[in-house]
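Participant: Please see the structure below; I have some questions.
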């Protein structure tokens, strides 16, 4: 196998607890590396695993796992774990994996999963929706769609994401989460290929030539997969198109780096909002 055989990679660094006295990785840890890569593969498909399997009416069970050793990874190596869906049968699917140090192939594996009823663990056909997603991802197709619009069309999905992130995860009181501004805001929602909403945000008119972005939320299990960036960029483009010259937002301090990487600058002193540390940030827009 070569690196070019894979479009998905999971990167990690070998830790001391995973090696023997010769600083070579214990063989059993390679299966853990592949298992971690499979979990991130589902994230790349924008699939919250547990919720998605419930919607699909089944679950995946490992039928067979084989590992072939070509060379050893060592302490402090930065390794890349490639993973791809190589075959989908009636009820089974085969994943091929490979571990590389640079371009050097270290380990290969074959993982065979069976789609089955979780109650009886009897196999059932791989759902067409899951089959299409796997084949589409391997073919380079997008795994999500982004829609912008009013509350009347996107409010249900936006509410679902915001409830999960702000009310349930961050424990913001429900009566602080909802306001009349939702009715006039432009909303953005990202959905996966099962139609599940995964990320949202809104754009308000804050003042003449000034937009305000808020209620930015990404479901926990798909964070780090660029969905937040896609929502933010869509709202910035909408602000630019209507002639705004500046966009402001109140960033949670834990997300300050995210906004900074996308061109926002802090302004003023930190403050608390809904019991969470925030700071105002802004970016100037160039039209045309």
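Only the coordinates and a few stated rules stand behind these numbers; no lab work does. Every value quoted in this text rests on a predicted model; they were computed, and no experiment measured them. Every residue, glycine as well, gets a Cβ built from its backbone with ideal geometry; the counts of neighbours run over all protein chains shown.
Participant: First obtain the Kirkwood hydrodynamic radius of the range 86-175 from its Cα pairs, then insert it into the Stokes-Einstein equation at 37 °C and 0.692 mPa s, and state the resulting D in µm² per second as a whole number.
Facilitator: Here the translational diffusion coefficient equals 189 µm²/s.
Participant: Contact order normalised by length for the range 84-188, with contacts defined as Cα pairs under 8 Å and 6 or more residues apart; what percent is it?
Facilitator: Values: 112 pairs, mean separation 20.5, N = 105.
Once divided by the residue count of the range 84-188, the mean separation gives 20 percent.
Participant: If you don't mind, there's one more thing I want to ask. Roughly what angle does helix 227-241 make with the longest principal axis of the chain, taking Cα atoms, 0 to 90 degrees, to the nearest 10?
Facilitator: The angle comes out at about 30 degrees.
Participant: On to the next question. Under a GNM of the chain (C-alpha, springs under 10 Å), which listed residue has the highest mean-square fluctuation: 185, 238, 28?
Facilitator: Judging by the Gaussian network model, the answer is 28.
Participant: Residue 255 to residue 183: FRET efficiency via 1/(1 + (r/R0)^6), r the Cβ-Cβ distance, R0 25 Å, to the nearest 0.05?
Facilitator: 0.45
Participant: Here is a further query. Hey, what number do you get for the chain at 222 nm if only DSSP H runs of n ≥ 4 count, each worth -39500 (n - 2.57), divided across all residues, to the nearest 500? Don't skip to the answer; put the middle values down first.
Facilitator: Numbers: 7 runs with 73 residues, N = 288.
One gets -7500 deg cm²/dmol as the mean residue ellipticity at 222 nm.
Participant: Give the angle, between 0 and 90 degrees and rounded to the nearest 10, that separates the Cα long axis of helix 28-44 from the longest principal axis of the Cα atoms of the chain.
Facilitator: With both axes taken from Cα atoms, the answer is about 40 degrees.
Participant: Determine the percent antiparallel among the DSSP beta bridges restricted to the chain, to the nearest 5. Write out the running numbers ahead of the final one.
Facilitator: On the way: 69 of 73 bridges.
Counting DSSP beta bridges with both partners in the chain, the antiparallel share is about 95 percent.
Participant: Please state the relative contact order of the chain as a whole percent: Cα pairs under 8 Å, 6+ residues apart?
Facilitator: 13 percent
Participant: Between residue 167 and residue 138, what is 0.36 nm times their sequence separation minus the Cα-Cα distance? Round to one decimal in nm.
Facilitator: Length gained between residue 167 and residue 138: 6.9 nm.
Participant: Pick out which of 24, 213, 107 has the largest mean-square fluctuation in a Gaussian network model of the chain, springs linking Cα atoms closer than 10 Å.
Facilitator: With Cα springs under 10 Å in the chain, the top fluctuation among 24, 213, 107 is at 24.
Participant: With a 10 Å cut-off between alpha carbons and a GNM built on the chain, which of 161, 62, 221 moves the most?
Facilitator: Ranking 161, 62, 221 by mean-square fluctuation puts 62 first.
Participant: I'd like the antiparallel share, as a percent to the nearest 5, of DSSP beta bridges with both residues in the range 209-288.
Facilitator: 75 percent
Participant: Helix 128-138 versus the longest principal axis of the chain: what angle, 0 to 90°, nearest 10, using Cα atoms?
Facilitator: 90 degrees
Participant: Under the definition of Cα pairs under 8 Å and six or more residues apart, what whole-number percent is the relative contact order of the range 144-284?
Facilitator: Details: 244 pairs, mean separation 27.5, N = 141.
In percent, rounded to a whole number, it is 20.
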